[in-house]
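Every number in this text was worked out from the coordinates using simple rules, so none of it is lab data. These figures come from a predicted structure and were not determined experimentally. Don't worry about glycine lacking a Cβ; one is built from the backbone with ideal geometry, like all the others, and counts go over all protein chains shown.
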Amino acid sequence: MSYETEHPTHFNWVPEVRERVSTIQRRHPWKTYVNTYWDHPPDLRRPRRWPAGFYDPYSLDVWGGGGTNQGNYTGYRGKQLPKDLGNRIFHELFNAASGPAIDWIIWRGRMWWNPKTDGPGWTDAPPGPPDSDPDHMHHIHCTYVH
């Protein structure tokens with residue numbers, strides 16, 4: 001079973017995270033696709049540290065979007081986020097002065113895990129299933145403090 005089939009996409013966030021998603025999409029109209037999914041992120045350790053679905057409404061992934069040559073918008077989970085746009089959005093999320101506090105954020109093989117939540121600060125992206133873009137080279141993942 002594919003990772004995406006096992007973890008279906010949805011768009012159900014707590015209000016603070018929904019506002020962050022709206023801000024990203026207002027600043028970059030038609031250029032992004034933002035989603036969460038069931039058991040996002042999954043806890044791959046056994047025994048699990050958190051229950052399935054615990055972080056879904058507090059996590060988001062930013063993927064690519066844009067137009068087609070027919071003038072239609074196309075964006076979807078799995079569509080590569082252009083590096084320059086991803087860098088801008090990463091900095092916007094990471095340096096946001098208001099809104100929810102970041103627990104961890106991952107982009108282009110690096111992860112910042114908040115020391116206030118017992119994280120180490122900067123580290124390498126954690127491992128994950130190969131069909132999930134585990135190094136986060138093509139999308140940004142952000143989980144907010146619960």
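Summary table
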{"quantity": "Cα shape, segment 1-80, gyration tensor, a/c 1.5 rule", "calculated": "oblate"}
{"quantity": "Student exercise, segment 5-73 dipole from Lys, Arg, Asp, Glu Cβ charges, in Debye to nearest 20", "calculated": "180 debye"}
{"quantity": "Between 0 and 90°, nearest 10: helix 15-27 axis offset from the chain longest Cα axis", "calculated": "30 degrees"}
{"quantity": "Rounded to 5, the percent of DSSP beta bridges in segment 67-133 classed as antiparallel", "calculated": "100 percent"}
{"quantity": "Computed label-point distance, nm, for sites T5 and N72 using a 7 Å Cα→Cβ extension", "calculated": "2.5 nm"}
{"quantity": "Stretch gain in nm, segment K83-T23, where the contour uses 0.36 nm per residue and the Cα spacing is subtracted", "calculated": "19.7 nm"}
{"quantity": "Nonlocal amide H pairs with I140, under 5 Å, H built at 1.01 Å", "calculated": "V62"}
{"quantity": "Rounded Å value of the spacing that divides the Cα centres of segment 124-138 and segment 19-42", "calculated": "18 Å"}
{"quantity": "Tilt relative to the chain, helix 83-94 - C-alpha long axis, 0 to 90 degrees, to 10", "calculated": "50 degrees"}
{"quantity": "Unit Cα scatterers, Debye sum, the chain: log10 I(q)/I(0) for q = 0.15 Å⁻¹", "calculated": "-0.74"}
{"quantity": "At most 12 other Cβ within 10 Å, DSSP loop - trypsin sites (Lys or Arg not before Pro), segment 21-65", "calculated": "R45, R48, R49"}
